[in-house]
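Here is the structure we will look at, set down as structure tokens.
The values are calculated or read from the model by the stated rules, or taken from the named source; none is laboratory data. Only a predicted model underlies this, so the values are computations on that prediction, with no experimental measurement involved. Cβ placement follows ideal geometry from the backbone for every residue including glycine, while neighbour counts extend to all protein chains displayed.
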Amino acid sequence: MRVTTAFSRLLRLGTGVVVKGVRFGSETVVVEVALRRQRLVCPECGHSTRARKDTRPEMSSWRHLDLGTWRLELRCQRRRLWCPMHGARTEAVPFARPGAEFTRDFESLVAWLATRTDKTTITRMLRIDWRTIGRIVKRVCDDELDPDRLAELYDIGIDEVSWKKQHNYLTLIADHRAGKIVWGCEGKGEQAADRFFLELDPDPASPSPPPQPPVSRPREAPEPAIMVPFGPCPTVPAGHGVPAAWLADSLELDPQLLARASKLRAVSMDMTGGYAASTRHYAPQAIICIDPYHVVQVRHEALPIRVGCETPPSGCRGSPGKLRAV
Ligand SMILES: [Zn+2]
């Protein structure tokens, strides 16, 4: 088997990508690849064309997953095209995201490690710098974050994490059924929870951007003005109806959006009260549960440190009075 065939099978860079040559350096393996397809594809929008912008190719390189102790680098001469939406662009490759200096496989590894360990460990393990990790994680999230991750939430948890000695907070929403974090924002407490619920069910009264009614379209007869989640009301003409139900022309409510908070059955949280207040406002049907972690934490603070002592020793924090009903 030729070395190019072996690397082609080994790397699996996608359809239309062929390995043209392999060079071994002292610490790096350089794999030269070429695109077999005739059409040029815009990396931003997928627009494809047979026309090249010019005959000048652009040499690009990407770092791929290491081969043991060898650093593996891909190189490819890419053609340039003219995209009607994005202008001059270098054609897309199936194995790397637009603007990336790493292959998709490498970036997936970095993103997975970022969910399991700290950045310092990743920098030492993969030999990349601290800021590169952040850029890769953002690229992977922008590309692969499930847009429907908020669509089917039933049992969720809300809590915050802190860093820099509790000067900074990040509030996270977990989908208990999927076992995943589905949403997050800076800050904590009721305001952070409010932001989640407003994103879960956007306020139809303040759409962004506001719809612009068509100016030139003639209106022959009054249109039904009240929109309800299941469609326009056929019996109420324009200018009449419930004020709270008014919507701008051409704006319709998405029944799926309105229904998402009402699907929540249970929300787990701490005992601070802010998350509970927000949940009672936006999802009053949901059962508010206290995390076992927080219950055990309060219980430990309430108990004497030394087992068997009748009175808590000095320095023993907390008291049973800290337990509060929700
Ligand atoms: Zn484009």
Checklist line | Tabulated pairs, the range 73-97, first among the acidic types (Asp, Glu), second part of a loop (DSSP other than H, G, I, E, B) and within 16 Å of the ligand (Cβ to nearest atom), C-beta under 7 angstrom, 6+ apart or interchain | finding: GLU91/ARG79
Next item on the list: Look through the range 156-174, keep the residues that are surrounded by 12 or more Cβ atoms within 10 Å (Cβ to Cβ) and of a type in the set (S, T, N, Q), and return whichever of them is farthest from ARG280 (Cα to Cα).
Entry: ASN168
Checklist line | Checklist (1) surrounded by 15 or more Cβ atoms within 10 Å (Cβ to Cβ); (2) modelled with pLDDT of 55 or more; (3) not hydroxyl-bearing (Ser, Thr, Tyr) applied to GLY318, failing item | finding: (2)
Next item on the list: Search the range 33-47 for residues that are under 25 Å from ARG63 (Cβ atoms) and of a type outside the set (A, V, I, L, M) and pair each with any residue that is outside any loop (DSSP other than H, G, I, E, B) and away from the ligand (no atom under 13 Å from the Cβ) when their beta-carbon atoms are under 7 Å apart and the residues are at least 6 apart or on different chains.
Entry: ARG36/VAL18
Check: Among (1) within 16 Å of the ligand (Cβ to nearest atom); (2) under 17 Å from VAL19 (Cα atoms), which single condition is ARG36 missing?
Finding: (1)
Next item on the list: Read through the list (1) closer than 15 Å to GLN77 by Cβ; (2) more than 16 Å from the ligand (Cβ to nearest atom); (3) under 35 Å from the mean Cα position of the chain (by Cα), then give the number of the only condition that LEU11 fails.
Entry: (1)
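Any residue that is farther than 20 Å from PHE196 by Cβ and either surrounded by fewer than 17 Cβ atoms within 10 Å (Cβ to Cβ) or polar (S, T, N, Q) (or both) - is there at least one of those in the range 148-155?
No, the range 148-155 contains no residue that is farther than 20 Å from PHE196 by Cβ and either surrounded by fewer than 17 Cβ atoms within 10 Å (Cβ to Cβ) or polar (S, T, N, Q) (or both).
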Notebook entry, point to check: Where in the range 61-118 are there strands (runs of 3 or more DSSP E), lying wholly inside it, with at least 2 residues that are over 22 Å from SER26 (Cα atoms) and within 16 Å of the ligand (Cβ to nearest atom)?
Noted result: 80-83, 87-90
Checklist line | From the options THR132, THR123, residue that is in a helix (DSSP H, G or I), touching a Phe, Trp or Tyr at 6+ places or on another chain (Cβ under 7 Å) and at negative phi | finding: THR123
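Does ARG2 meet the test of being more than 31 Å from the chain's Cα centre (by Cα) and either buried (at least 19 other Cβ atoms within 10 Å of the Cβ) or within 16 Å of the ligand (Cβ to nearest atom) (or both)?
Answer is no for this residue.
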Checklist line | When residues of the range 43-60 are limited to those that are within 15 Å of the ligand (Cβ to nearest atom) and part of a strand (DSSP E or B), the one nearest to THR103 (Cα to Cα) | finding: SER48
Next item on the list: Taking ARG139 as the residue in question, decide whether it is part of a loop (DSSP other than H, G, I, E, B) and buried (at least 18 other Cβ atoms within 10 Å of the Cβ).
Entry: no
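In a loop (DSSP other than H, G, I, E, B), without any contact (Cβ under 8 Å) to a residue 40 or more places away in the chain and surrounded by fewer than 17 Cβ atoms within 10 Å (Cβ to Cβ): is that true of ARG177 in this structure? Give the steps one after another, and end with the answer.
Details: in a loop (DSSP other than H, G, I, E, B): yes; without any contact (Cβ under 8 Å) to a residue 40 or more places away in the chain: yes; surrounded by fewer than 17 Cβ atoms within 10 Å (Cβ to Cβ): yes.
Spelling it out, ARG177 is indeed in a loop (DSSP other than H, G, I, E, B), without any contact (Cβ under 8 Å) to a residue 40 or more places away in the chain and surrounded by fewer than 17 Cβ atoms within 10 Å (Cβ to Cβ).
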Next item on the list: Report the residue count in the range 17-33 for those that are of a type in the set (Gly, Ala, Ser) and either within 16 Å of the ligand (Cβ to nearest atom) or farther than 19 Å from ARG2 by Cα (or both).
Entry: 1
